[in-house]
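Have a look at the structure below, then the notes.
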Amino acid sequence: MAPAVAAPLRLHRAGDLALPAPPPLTLYVHLPWCLKKCPYCDFNSHESGGALPQQAYLDALMADLELALPQVWGRRVSSVFIGGGTPSLFEPDAIEQLLAGVRARLPLQPDAEITLEANPGTFERDRFRAYRAAGVTRLSVGVQSFDDDALKAIGRVHDGAQARAAVAEAAEVFDTWNLDLMYALPGQTLDALEADLATALSFAPPHLSIYHLTLEPNTWFATHPPELPDDDLASDMLDLLVERTAGAGLQRYEVSAFARPGHRCVHNLNYWAFGDYLGIGAGAHGKLSFAHRIVREVRWRDPATYMAKALQGQAVSNQNEVDAAALPFEFMLNALRLRDGFPLSLFLERAGLSATALQPGLDEAVARGWLQVEGEGGPASQIIRPTARGFDFLSDVQQLFLKDAPAA
Ligand SMILES: C[S@@+](CC[C@H](N)C(=O)[O-])C[C@H]1O[C@@H](n2cnc3c(N)ncnc32)[C@H](O)[C@@H]1O
Ligand code: SF4
């Protein structure tokens with residue numbers, strides 16, 4: 001059954017929270033098609049099965065964006081992230097048209113980061129150059145592994161040679177770019193991960209994202225689970241990749257993200273700092289703040305439904321106001337992922353609540369040796385930082401900020 005469309009929220013009445021100013025705003029654009037669905041993937045991605053309806057989808061995106069504009073009136077956008085799916089299935093001309101349409105409707109900061117996700121094996125030579133000419137400033141290459149057997153085991157359409165060619169081209173064309181890897185793959189050994197890391201690092205990536213492969217519900221792997229490395233081996237793998245990336249001058253600034261100085265991902269940092277994002281495209285999520293409330297919304301998930309609904313003026317399938325009591329947990333779910341921590345004052349700035357709402361969880365986490373509070377003189381000048389142990393048990397730390405968390 002189709003989800004009910006919520007009645008529009010009244011965004012300007014008094015609410016339970018008070019934001020001193022709107023947070024930074026970014027734009028996420030979802031392009032939902034792939035050549036083939038990977039067996040581990042629970043993202044909103046659909047097999048293209050032929051030519052993509054590029055123009056019809058771009059028209060729907062622009063209709064969607066125009067409908068959303070009154071909610072972000074007058075705010076500048078600091079980054080755009082074109083994600084998927086496999087955005088590199090879209091022609092560079094289509095990406096140029098998309099970015100021109102975005103610029104015509106939304107004020108972008110002059111130095112806005114504009115990322116596009118690209119998959120090896122989905123483009124011919126020189127396509128990356130054309131994306132750059134279209135206005136993309138940062139490419140994120142979804143490599144996952146350079147090992148042919150591992151790539152087969154996780155159902156990727158590309159092989160190791162195509163992965164190396166894509167990364168070499170990204171390095172040649174872009175000043176800043178990301179390489180996506182996964183570890184704890186079916187049958188993967190420590191030596192195999194070491195080889196993947198050595199290959200990845202040989203390209204001197206300015207940014208590396210490395211995710212532990214997880215078995216997600218509603219995927220092929222959930223019902224046909226492959227043999228995976230056990231927890232001890234996976235933990236050794238994490239130690240290895242932390243050591244190798246540090247040795248190559250990459251700082252682990254977030255759980256899964258490693259970057260050279262000056263190359264942290266502006267777009268993702270805004271998620272982790274509980275900033276705002278407008279999400280357009282099939283199944284895209286958004287979070288938008290107003291003076292007295294924070295609203296989450298999601299677009300229709302099925303691409304054909306989304307396109308039809310967007311043109312009818314109803315791109316959003318669901319919208320709901322975040323309960324103030326849930327904000328400590330929602331905020332910490334993001335902010336605690338940052339290795340360097342965050343100023344406690346960010347909670348008031350982004351959640352619109354006093355820092356006292358965090359106090360019981362903070363006291364408990366400090367007592368357990370999971371968080372440290374730095375700086376004297378009250379919340380305005382304090383920094384909250386996970387300890388090494390806290391960073392290893394992040395989900396336990398985050399649970400302490402649930403509204404019904406057990407009292408200390
Ligand atoms: C949804 S993909 C989109 C980018 C592109 N289509 C790709 O596959 O590379 C974004 C990233 O999420 C990660 N990812 C997706 N499913 C995952 C899973 N089940 N476990 C861990 N990481 C996953 C992959 O590293 C992937 O690069
Ligand atoms: S290519 Fe990326 S988005 Fe598409 S199915 Fe595979 S992991 Fe998911």
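Key figures for this structure:
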{"quantity": "Surface share of carbon and sulfur [accessible, 1.4 angstrom probe, percent] for region 329-384", "calculated": "56"}
{"quantity": "Accessible-area composition of region 172-255, carbon plus sulfur, in percent [1.4 Å probe]", "calculated": "52"}
{"quantity": "Gyration tensor (alpha-carbon) shape descriptor, the chain, a/c threshold 1.5", "calculated": "oblate"}
{"quantity": "Beta bridges by DSSP in the chain, antiparallel share as percent, to the nearest 5", "calculated": "40"}
{"quantity": "GNM result for the chain, Cα springs below 10 Å: residue of 115, 305, 223 fluctuating most strongly", "calculated": "223"}
{"quantity": "Heavy-atom accessible surface of region 25-136: percent carbon and sulfur, 1.4 Å", "calculated": "52"}
{"quantity": "Normalised contact order of the chain, rounded percent, pairs of Cα under 8 Å and 6 or more residues apart", "calculated": "19"}
{"quantity": "Accessible area expressed per residue, region 331-408, with surrounding protein chains retained (probe 1.4 Å, Å²)", "calculated": "49"}
{"quantity": "Protection proxy ranking, peptides 349-360, 177-188, average beta carbon neighbours within 10 Å, highest first", "calculated": "177-188, 349-360"}
{"quantity": "Region 263-330 shape via C-alpha gyration tensor axes, a/c threshold 1.5", "calculated": "oblate"}
{"quantity": "Nearby lysines by direct alpha-carbon distance to residue 37 (threshold 28 angstrom, same-chain neighbours under 8 apart not counted)", "calculated": "152, 287, 309"}
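The values are calculated or read from the model by the stated rules, or taken from the named source; none is laboratory data. Since the model is a prediction, treat every value here as computed from it, not as a measurement. A quick note on method: Cβ atoms are made from the backbone with ideal geometry, for glycine too, and the neighbour counts reach across all protein chains shown. Each accessible area value is taken on the protein alone, full model and side chains, heavy atoms only, with ligands, DNA and RNA left out. Shrake-Rupley method; radii C 1.70, N 1.55, O 1.52, S 1.80 Å.
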